[in-house]
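Reviewing the structure listed below.
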Amino acid sequence: MSSRVWIVTQLRDGELHPASREAIVAGRALAEALGTTADAVVMGSAVNEVAAGVASLGVSAVRVADRAELGDYVPGPYTETLLAGVADGGPEFLVFPHTYQSVDYMARVAHGWGAAVLSEVVSFAPDDEGLAWVRPILEGKLQARVRLRGEGPVVVSVQSGAFTPAEAAAETATIESQSGPAELVAERELLGIEDAGGDTVDLSAANMIVSVGRGIGGPDRMSLIEDLAAALGAEIGASRPVIDNGWLPRDRQIGSSGQTVAPKLYLAVGISGAIQHLVGMKGSGCTVAINKDPGAPIFNVSDYGIVGDLFEVVPAVTKALQESA
Ligand code: FAD
């Protein structure tokens, strides 16, 4: 029997993308809330081994579309395969990990399926009127609670770091072949993938990290952070916008798409505390945040918080450290 919830897994370099494990846990919880079961979908080429691994992650069945045309991700064949699958299998929910790949084609799937879209979900809970979903809005500054209205299928993506990754379960799911269209036409050709920067700095071993966020405002002000890190004997980390803006190299990024760290001291400077950042540093021993916004979510996970302008606070802390050395 087909489940009402299907979890659309993603592969990277022929292996299960870590965000898929989180989507599996979210999909399983959704199925439980709906009183149904969850199946996983695996799409790719030569994916027997991955499918067997997914079968041990607590899903009811694994639906496998194993075709040469699905080897390198391109949206057309993935969309068409899923649309054929849902028409055949009749789920009500497709649950994706919220990754760049999912974002690239899930709206197309939703359009073809006539489904509502709930993206970047971080939690959901049943109440008297059904399910209430929580998703960040305005770049994570607010959390919206939303309810779906009307009937029809739903496409959900779950934010990285919001659900604990699935571990191997006691039971193994059945593996089924997922039928698809006779012909799959790729409208794009993948010419290559380039690594945007290697992990040359291993921040996971650092005892102390001074981590800098967008609040620093530009690369010309980075000496403030360097001076503070030097005074403490700490490594420098960063939130993603700092990396995306080219203010620091990519191997300094901490978070769901960067490094995971657990230093004794984590000093977050001008970082708001988005969930994708928190997932990379929540294992820190002592977290200290400096932020001018008293409502910044980083303060919720901090042992000590300084509400103030980093351009005043950081030089003062550095000076105090230098004087006490
Ligand atoms: P902002 O959210 O813009 O916050 C800047 C903060 O600085 C604000 O709180 C502000 O009050 C404060 N500030 C400004 N000026 C001052 C001042 N003068 N003094 C003191 N405080 C000041 N993010 C990551 O960090 N790591 C990841 O690995 C990561 N992966 C992601 C993966 C995906 C798929 C997606 C969708 C997003 C990811 N993000 C990641 C981005 C994440 O959602 C946030 O956008 C990001 O963490 C915000 O970075 P920030 O806190 O530096 O910037």
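The values are calculated or read from the model by the stated rules, or taken from the named source; none is laboratory data. Being a predicted model, the structure only gives us computed values, none of them experimental. With ideal geometry, Cβ positions are generated from the backbone for all residues, glycine too; neighbour counts draw on all protein chains shown. Accessible surface areas use protein heavy atoms only, side chains included; no ligands, DNA or RNA. Shrake-Rupley method; radii C 1.70, N 1.55, O 1.52, S 1.80 Å.
Checked across region 232-248, the condition of being more than 13 Å from the ligand (Cβ to nearest atom), over 26 Å from the mean Cα position of the chain (by Cα), modelled with pLDDT of 95 or more and part of a helix (DSSP H, G or I) holds for at least one residue.
Residue-level check: of (1) near the ligand (Cβ under 7 Å from one of its atoms); (2) part of a helix (DSSP H, G or I); (3) open to solvent by 40 Å² or more (accessible area, probe 1.4 Å), S256 misses just (2). Of all the residues in region 110-151, those that are within 12 Å of the ligand (Cβ to nearest atom) and in a loop (DSSP other than H, G, I, E, B) number 5. Here D199 clears all of (1) at pLDDT 85 or above; (2) touching an Asp or Glu at 6+ places or on another chain (Cβ under 8 Å) except the condition numbered (1). With respect to the conditions (1) touching a Gly at 6+ places or on another chain (Cβ under 7 Å); (2) open to solvent by less than 40 Å² (accessible area, probe 1.4 Å); (3) under 13 Å from S211 (Cα atoms), L267 lacks only one, and its number is (1). All conditions in (1) outside any helix (DSSP H, G or I); (2) touching a Gly at 6+ places or on another chain (Cβ under 8 Å) hold for L191, with the sole exception of (2). Taking region 255-303 as the range and being in contact with a Phe, Trp or Tyr (Cβ under 6 Å, 6 or more places away or on another chain) and under 23 Å from G217 (Cβ atoms) as the test, the residues that pass are M281, T287, V288, A289. Residues of region 178-190 include none that is surrounded by 19 or more Cβ atoms within 10 Å (Cβ to Cβ), closer than 27 Å to A40 by Cα and either hydroxyl-bearing (S, T, Y) or under 22 Å from the mean Cα position of the chain (by Cα) (or both). Considering only residues in region 279-294 that are open to solvent by less than 30 Å² (accessible area, probe 1.4 Å) and in a helix (DSSP H, G or I), the one that is farthest from the ligand (Cβ to nearest atom) turns out to be M281. Of all residues in region 295-318, those satisfying the criterion of being more than 9 Å from the ligand (Cβ to nearest atom) and exposed (fewer than 13 other Cβ atoms within 10 Å of the Cβ) are N300, D303, Y304, A316. Restricted to region 1-109, the set of strands (runs of 3 or more DSSP E) holding at least 3 residues that are in contact (Cβ under 8 Å) with a residue 40 or more places away in the chain, crowded, with 19+ Cβ neighbours inside 10 Å and over 22 Å from the mean Cα position of the chain (by Cα) comprises 61-66.
Table: residues versus (1) more than 23 Å from A132 (Cα to Cα); (2) out of contact with any strand residue (DSSP E or B) (no Cβ under 9 Å at 6 or more places or on another chain); (3) at pLDDT 95 or above.
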{"position": "R28", "(1), (2), (3)": "no, no, yes"}
{"position": "A31", "(1), (2), (3)": "no, no, yes"}
{"position": "G35", "(1), (2), (3)": "no, yes, no"}
{"position": "G44", "(1), (2), (3)": "yes, no, yes"}
{"position": "A51", "(1), (2), (3)": "yes, no, yes"}
{"position": "S56", "(1), (2), (3)": "yes, yes, yes"}
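Taking region 268-300 as the range and being in contact with a strand residue (DSSP E or B) (Cβ under 6 Å, 6 or more places away or on another chain) and acidic (D, E) as the test, no residue passes.
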